[in-house]
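This report concerns only the one structure given below.
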């Protein structure tokens with residue numbers, strides 16, 4: 001299974017996530033568009049240089065919405081440190097602690113964990129506030 005998430009870098013708030021059994025460019029573009037539809041468009045969107053994110057399908061969503069494209073360069077591991085930190089939290093805080101037989105229980109578990117991550121888990125880098133506290137404080 002593949003997990004894609006879109007986060008607000010400032011607050012670490014997970015805006016949207018999705019689970020799929022294939023890592024297609026269309027799926028990634030759909031997740032991006034769903035996020036834009038719900039939260040509005042960011043000024044800049046950062047990804048790594050995976051083929052899904054460099055595809056015409058994915059890039060078209062960004063250009064159609066007039067969003068600046070930022071892609072991590074080779075050897076620039078710190079460019080995507082925030083999403084990599086999320087992946088570490090998801091793996092060690094949830095995935096490695098649970099055994100899932102198929103995608104439905106996995107989706108339900110990740111849904112619970114994403115709510116915990118956003119609304120209950122304090123982050124040291126956010127002065128021990130939750131991502132939701134920081135995201136919605138800045139949105140007001």
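The values are calculated or read from the model by the stated rules, or taken from the named source; none is laboratory data. Just so it is clear, the structure is predicted and the values come from calculations on it, not from any experiment. All Cβ positions, even for glycine, are placed from backbone atoms using ideal geometry, and neighbour counts span all protein chains on display.
Miscellaneous remarks
To keep it simple, each residue is scored yes or no on (1) assigned to a helix (DSSP H, G or I); (2) at pLDDT 95 or above.
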site	(1), (2)
36	yes, yes
45	no, no
86	yes, no
133	yes, yes
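- Residue 79 in a helix (DSSP H, G or I) and at pLDDT below 95: yes
- Test result for residue 15, in a strand (DSSP E or B), within 30 Å of residue 122 (Cβ to Cβ) and in contact with a helix residue (DSSP H, G or I) (Cβ under 9 Å, 6 or more places away or on another chain): yes
- Test: residue in the stretch 109-120 that is in contact with a helix residue (DSSP H, G or I) (Cβ under 7 Å, 6 or more places away or on another chain) and in contact (Cβ under 8 Å) with a residue 40 or more places away in the chain: yes
- When the stretch 28-47 is limited to residues that are in contact (Cβ under 8 Å) with a residue 24 or more places away in the chain and more than 12 Å from the chain's Cα centre (by Cα), the one that is surrounded by the fewest Cβ atoms within 10 Å (Cβ to Cβ) turns out to be 43.
- Every pair of residues 6+ apart whose Cβ atoms lie under 9 Å, when the first sits in the stretch 54-66 and is in contact (Cβ under 8 Å) with a residue 12 or more places away in the chain and at positive phi while the second is in a loop (DSSP other than H, G, I, E, B) and surrounded by 12 or more Cβ atoms within 10 Å (Cβ to Cβ): 66/41
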